[in-house]
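In what follows, a single structure is set out as structure tokens and then discussed.
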Amino acid sequence: MKAVYKSGFLIAYLYFFLICNGFAQQVQQRPARCATGNVMEEYFKKYPRDKAVFEKNQSEFQLKYEAVRRAGKEIPVQQRVSGIINIPVVVHIVMDNPALVTDAQVQSQIDVLNADYAGANADSVNIPAAFKSFFGKSNLRFCLAQRSPSNEPTNGINRKVSSATSIPGAGDPVKYSTMGGSDAWDVNRYLNIWVCKMSRDVDLGYSFMPGLTGLASADLGLVNAYHAFGTIGSATAPFNKGRTATHEIGHFFNLWHIWGANECEESCADSDFVDDTPNQYKCTFDTPLFPTTDNCTPTAPGIMFMNFMDYVDDAAMCMFTAGQAARMEMALSTFPELMPLLTSNGCVPPVLFNYDVKAWAVQSPVNSTVYCGTSVTPQLRISNLGALTLTSVQLNVEIDGAPPVVTQVNLNLPSLQETVISGNPVNTGTGQHVIRMYTTLPNGNADMRPVNDTAEMVFSVAGNVEGPLKEGFESNVFPPQNWGVANNSDIISYNPARVTPAAHTGTASMKFDNYHYQLFGKYAMLVSPQVAIPLSADSVKITFWRAAAQYSSAHSDTLEVLFSADCGQTYTSVYKKAGADLKTRRDFLTAEYVPVAEEWVADTIDISTLVKGRYDKIMVQFRNINGYGSNVIYLDDIHIYSRTLPPVLKERGYLIAPNPTTGMFVIQHYPSTSALKGVAVYSSTGQLVWKGSYASSLAPDYIPVNLSYMASGVYIVRLVYTDKTITEKIVKIN
Ligand SMILES: [Zn+2]
């Protein structure tokens, strides 16, 4: 699914530029208004077998439609369907700030739909006299869902904080929680509308047309740009009259664009398969003057550009025709994916129980952070779905299945209102835990719908260790003891994971999976224990090995390393690499990445100046930031350590130790020096037994010398600098 979505997106994108380049230049930055034409075309390219089925379904529909239309000329139009049909609507607002689209703005859109579909829109007075007799008034009406799929009361508005944007087509991220979107409510009971930002600003929305038997039901419904939704708030002129949704729902109920079933091509040969719309050459933009004629309809009254299924500005469109209204009603009673809407009870509020508390979600602790310490304060977001004001409830908190800690909570929560309740702090150990919270005894009575009383969350608590800390992820336990994992999507499994056999050393490493999780901008993190660092340390470093691949130049994930000196309250960023800087595999890779040995690269981060002498413990966070599912990032052999130098080394600038030695000793310099050119070790008889030359290279700060194969006795160490020579004795013992 991943590869299909990615290549599909790229193809659609290229295709747009290839076929529309001339067109785009002509209309410059005009919104294309509607991506439906492209979406259908792309879908058929990808699933050619579905095209044949679609065409068969459509031609069967057309026969039935034309038969009824012929009959309709003799029998009352009202007999097409019996009575008003109320379509339950759920509006998913998927945005960084979904509160931007208020309940009132959503209601303004529903009001527009009800006016437009009833032919009760005030601006229908603008319909030219020559077209008045074609004015269509359908029996379709819309309500915001009054009951959820599980028959709880709802306002039919579902907000989701997410930076996911709509990529028109099958598998649109805004329609899938696995990609940061909001999952469709039961499409047999609701018309789903996703309000969001479009990936291409020129699109205002799209909907699949009915008859696509291969389309996932989760894709059914329409997508509507947040700035072209409703009539107030974020709605922006000239698309602030709610007509994008009117238009897209037309597609949802099987209307084609008024100029024909193509993407704005110039042709009189094609049709919208409706008998009372004038033939039209191509799409119309802006606010044309009446009458407008074209190649297909060269005489007045000309084309019906004020039809909801053209591309004119919101204020310039004001009608469906009777033929279109009949076509939509018939689609609703013909296509299997639409018919169940006829009998949905989604517009009917459920009868409330007296005592019904709903647990929405655990508010604390959460999986988006790693905790530090020994206890957490549990918080639960609840609604009073009962008919009576909620005055008390018991909050039960279980950690890892242990007996619950119970808190009696007194409150004053009216029916259908929401709040957050807190329990007494509960003790936790380090590591990853499951916290389960449930409410009992609302107002001292049994809850009459216990199925919605429980919410769960996973969270991690980091521990404390002495430094240095080495972690190679070889143990089966993950996160490793005293480490924590977290992510800020609502998908727990996006947390980093241990993986075999990819490894720099040993058989295991850890991975951030941006391949299966396309959660743009969402982070996942691995957090170290608090590592004790002596205040006397002279240097503090983090080293680790990484391996990463890039999916394409357009997909860029980020790895950031941060440290905290206050138990995770605040973090300081000390390393950040993304895209081409991050990758260690040379070539792009569209398959899931598994590194080979030579693709492991070491990083060293020197945080001495930020830490030494200031902090006595630090936590280190390795943070992955998802770039729309690029590929997998692996980490291994993490080492967090400090070094405290002997005072004599700092004082003299060099140190030869240990002395006496049983074999190994080390020549150290501090600070680093470029003046050291040679080291020679002589026996007491003057024989050269070891030498190092640094005439053409920088001498290391740390030079190990091995005398273990030499006899016991006194040896002479000579350090030759550009400006001096130092000679010291060292004693070898057994
Ligand atoms: Zn359209």
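The values are calculated or read from the model by the stated rules, or taken from the named source; none is laboratory data. Only a predicted model underlies this, so the values are computations on that prediction, with no experimental measurement involved. All Cβ positions, glycine included, derive from the backbone under ideal geometry; neighbour counts span all protein chains shown. Accessible surface is based on the protein model in full, side chains and every heavy atom, while ligands, DNA and RNA are left aside. Shrake-Rupley method; radii C 1.70, N 1.55, O 1.52, S 1.80 Å.
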Within region 552-573, of all residues that are closer than 15 Å to Leu526 by Cβ and of a type in the set (Val, Ile, Thr), the one least open to solvent (accessible area, probe 1.4 Å) is Val561
In region 461-483, anything among the small types (Gly, Ala, Ser), within 21 Å of Val366 (Cα to Cα) and either open to solvent by 60 Å² or more (accessible area, probe 1.4 Å) or not in a loop (DSSP other than H, G, I, E, B) (or both) is listed as Ala462
query: Can you find a residue in region 668-679 that is closer than 28 Å to Ser608 by Cα, of a type in the set (Phe, Trp, Tyr) and not in a loop (DSSP other than H, G, I, E, B)?
result: no
The condition from (1) outside any loop (DSSP other than H, G, I, E, B); (2) open to solvent by 80 Å² or more (accessible area, probe 1.4 Å) that Asp637 misses is numbered (2)
Report yes if Val223 is away from the ligand (no atom under 16 Å from the Cβ), surrounded by 23 or more Cβ atoms within 10 Å (Cβ to Cβ) and of a type in the set (Val, Ile, Thr), otherwise no.
no
Matching residues in region 600-631 (in a strand (DSSP E or B), surrounded by fewer than 23 Cβ atoms within 10 Å (Cβ to Cβ) and among the aliphatic types (A, V, I, L, M)) number 4
Of the conditions (1) within 22 Å of Lys137 (Cα to Cα); (2) open to solvent by 30 Å² or more (accessible area, probe 1.4 Å); (3) away from the ligand (no atom under 15 Å from the Cβ), the single one that Gly230 does not satisfy is (2)
Over region 149-167, the set of residues on the phi > 0 side of the Ramachandran plot and not polar (S, T, N, Q) is Gly156
Of the conditions (1) open to solvent by 10 Å² or more (accessible area, probe 1.4 Å); (2) away from the ligand (no atom under 16 Å from the Cβ), the single one that Val195 does not satisfy is (1)
Counted residues in region 502-535 being over 16 Å from Asp557 (Cβ atoms) and either in contact with a strand residue (DSSP E or B) (Cβ under 9 Å, 6 or more places away or on another chain) or in contact (Cβ under 8 Å) with a residue 40 or more places away in the chain (or both) come to 16
Among (1) at pLDDT 95 or above; (2) in the same structural domain as Ala537 (by TED's automatic domain parsing); (3) out of contact with any Lys or Arg (no Cβ under 6 Å at 6 or more places or on another chain), Gly629 falls short only on (1)
task = Please work out if Ala300 is small (Gly, Ala, Ser), away from the ligand (no atom under 16 Å from the Cβ) and not assigned by TED's automatic domain parsing to the domain that holds Ser489.
result = yes
Expected output for region 241-267 (first residue within 11 Å of the ligand (Cβ to nearest atom), partner among the basic types (Lys, Arg), Cβ below 6 Å, 6+ apart or cross-chain) is Trp259/Lys282; Cys264/Lys282
Counting only strands (runs of 3 or more DSSP E) entirely within region 497-551, those with at least 3 residues that are open to solvent by 20 Å² or more (accessible area, probe 1.4 Å) and over 30 Å from Ser166 (Cβ atoms) are 539-548
State yes or no: is Ala486 of a type in the set (A, V, I, L, M), open to solvent by less than 10 Å² (accessible area, probe 1.4 Å), touching a helix residue (DSSP H, G or I) at 6+ places or on another chain (Cβ under 6 Å) and within 16 Å of Phe459 (Cβ to Cβ)? no
Listed by range, strands (runs of 3 or more DSSP E) wholly within region 177-254 having at least 1 residues that are of a type in the set (A, V, I, L, M) and closer than 14 Å to Ala35 by Cα are 222-225
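Of everything in region 306-359, what is assigned to a helix (DSSP H, G or I), touching a residue at least 12 places away in the same chain (Cβ under 8 Å) and not aliphatic (A, V, I, L, M)? Give them in sequence order.
Scanning region 306-359 gives Asp314, Gly323, Gln324, Arg327, Glu329, Pro340.
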query: Is there a residue in region 199-212 that is away from the ligand (no atom under 15 Å from the Cβ), in contact (Cβ under 8 Å) with a residue 24 or more places away in the chain, out of contact with any Leu (no Cβ under 8 Å at 6 or more places or on another chain) and of a type in the set (A, V, I, L, M, F, W, C)?
result: yes
- Can you spot a residue in region 163-174 that is part of a strand (DSSP E or B) and modelled with pLDDT of 95 or more? yes
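So if I check each of Tyr654, Tyr694, which one is of a type outside the set (Gly, Ala, Ser) and free of Cβ contacts under 8 Å to residues at least 40 places away in the same chain? It would help to see each step written out before you state the result.
Numbers: Tyr654 fails: free of Cβ contacts under 8 Å to residues at least 40 places away in the same chain.
One residue alone meets the criteria, Tyr694.
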The residue that is farthest from the chain's Cα centre (by Cα), considering only those in region 130-169 that are farther than 20 Å from Ala184 by Cβ and among the basic types (Lys, Arg), is Lys132
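Filtering region 640-656 down to residues that are among the aliphatic types (A, V, I, L, M) and touching a Pro at 6+ places or on another chain (Cβ under 7 Å), which residue is most open to solvent (accessible area, probe 1.4 Å)? Give the derivation first.
Going through region 640-656, the residues among the aliphatic types (A, V, I, L, M) turn out to be 640, 645, 648-649, 655-656.
Adding the requirement that they be touching a Pro at 6+ places or on another chain (Cβ under 7 Å) leaves 640, 655.
Working: Ile640: 0, Leu655: 20 Å².
Result: Leu655.
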Checked region 661-717 for anything open to solvent by less than 50 Å² (accessible area, probe 1.4 Å), in contact with an Asp or Glu (Cβ under 7 Å, 6 or more places away or on another chain) and not β-branched (Val, Ile, Thr); matches are Gln668, His669, Ala675
Those residues of region 419-451 which are more than 28 Å from Asn495 (Cβ to Cβ), in contact (Cβ under 8 Å) with a residue 24 or more places away in the chain and open to solvent by 80 Å² or more (accessible area, probe 1.4 Å) amount to Met448
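Among the listed residues Asp276, Asp286, identify the single one that is among the charged types (D, E, K, R), away from the ligand (no atom under 12 Å from the Cβ) and in contact with an Asp or Glu (Cβ under 7 Å, 6 or more places away or on another chain).
That would be Asp286, the only listed residue that is among the charged types (D, E, K, R), away from the ligand (no atom under 12 Å from the Cβ) and in contact with an Asp or Glu (Cβ under 7 Å, 6 or more places away or on another chain).
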Going through region 279-312 in order, the residues found to be more than 44 Å from the chain's Cα centre (by Cα), surrounded by fewer than 19 Cβ atoms within 10 Å (Cβ to Cβ) and under 29 Å from Leu140 (Cα atoms) are Phe290, Pro301
